[in-house]
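Participant: Questions regarding the structure given below will be posed in turn.
The values are calculated or read from the model by the stated rules, or taken from the named source; none is laboratory data. Quick caveat: nothing in here was measured; it's all calculated off a predicted structure. Note: ideal-geometry Cβ built from the backbone for every residue, glycine included; neighbour counts use all protein chains shown. Remember, those area values only see protein heavy atoms, side chains included, never the ligands or the DNA or RNA. Shrake-Rupley method; radii C 1.70, N 1.55, O 1.52, S 1.80 Å.
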Amino acid sequence: VNMAAASIASRHMLNTNTRHHHHRFARTIRLGKTTSKGGIRRTSNDKHICHSFSVKLTHDGQTYELDVPEDSTILEVCNEQGIQVPHDCTMGVCMVCPAKLIAGNVDQGAGMLPDDVAEKGFTLLCTATPTEDCEIETIPEDEILEEVMQQ
């Protein structure tokens, strides 16, 4: 077991209040402007044009359709839209905001998620920036911690 995994494991044992429960029935909630395949949106000052991607996020039995700008993380947009997903450090270290990529692709950024775990479709919402339209489902911390501990 490497030091990063030991640190993550000890952090996980101390942080029991961030667990979330999945509801039995899902519903779709549309937030913001949803675009298709790499849409384009204008910022509020309308001078800078940036690409955005449609992200279908399932969390706690609800499905949200988000418009995520190319320069934003999925967690940032969740926070802006009032979607309360568990998170803590926002730097990809604590592993409190894990998710599983169902379709599409994200840039994991500077987080500490090992490459081989990311290649299995695991991601951290705080550092995940979509590179195309995608579908993501939040998962319990334990699920990603098991993968990391196997390193």
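Participant: Looking only at the range 124-133, count every residue that is open to solvent by less than 20 Å² (accessible area, probe 1.4 Å) and in contact (Cβ under 8 Å) with a residue 60 or more places away in the chain and tell me the total.
Facilitator: Selection size over the range 124-133: 1.
Participant: In the range 114-123, is there at least one residue being aliphatic (A, V, I, L, M), open to solvent by less than 70 Å² (accessible area, probe 1.4 Å) and in a loop (DSSP other than H, G, I, E, B)?
Facilitator: Scanning the range 114-123, I find no residue that is aliphatic (A, V, I, L, M), open to solvent by less than 70 Å² (accessible area, probe 1.4 Å) and in a loop (DSSP other than H, G, I, E, B), so the answer is no.
Participant: Let me ask something else about it. Please determine, by comparing only the residues of the range 134-151 that are of a type in the set (Asp, Glu) and within 18 Å of Cys94 (Cβ to Cβ), which one is least open to solvent (accessible area, probe 1.4 Å).
Facilitator: By that ranking, first place goes to Glu141.
Table: residues versus (1) under 23 Å from Val148 (Cβ atoms); (2) touching a Gly at 6+ places or on another chain (Cβ under 8 Å); (3) of a type in the set (Lys, Arg).
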| position | (1), (2), (3) |
| --- | --- |
| Lys56 | no, no, yes |
| Gln62 | no, no, no |
| Asn79 | no, no, no |
| Ile83 | no, no, no |
| Cys97 | yes, no, no |
| Ile102 | yes, yes, no |
| Gly109 | yes, yes, no |
| Asp115 | yes, no, no |
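Participant: How do the pairs read when you match residues in the range 134-149 that are under 15 Å from Pro114 (Cα atoms) and in contact (Cβ under 8 Å) with a residue 12 or more places away in the chain with residues anywhere that are basic (Lys, Arg) and open to solvent by 10 Å² or more (accessible area, probe 1.4 Å), using Cβ under 7 Å and keeping only pairs 6 or more apart or on different chains?
Facilitator: Glu147/Lys120
Participant: Restrict the check to the range 30-37 and report whether at least one residue is modelled with pLDDT under 50 and outside any loop (DSSP other than H, G, I, E, B). Spell out the reasoning first.
Facilitator: Filtering the range 30-37 for residues modelled with pLDDT under 50 gives 30-37.
The next check asks that each one be outside any loop (DSSP other than H, G, I, E, B); those that pass are 30.
Checked against the condition, which is being modelled with pLDDT under 50 and outside any loop (DSSP other than H, G, I, E, B), the range 30-37 yields at least one hit.
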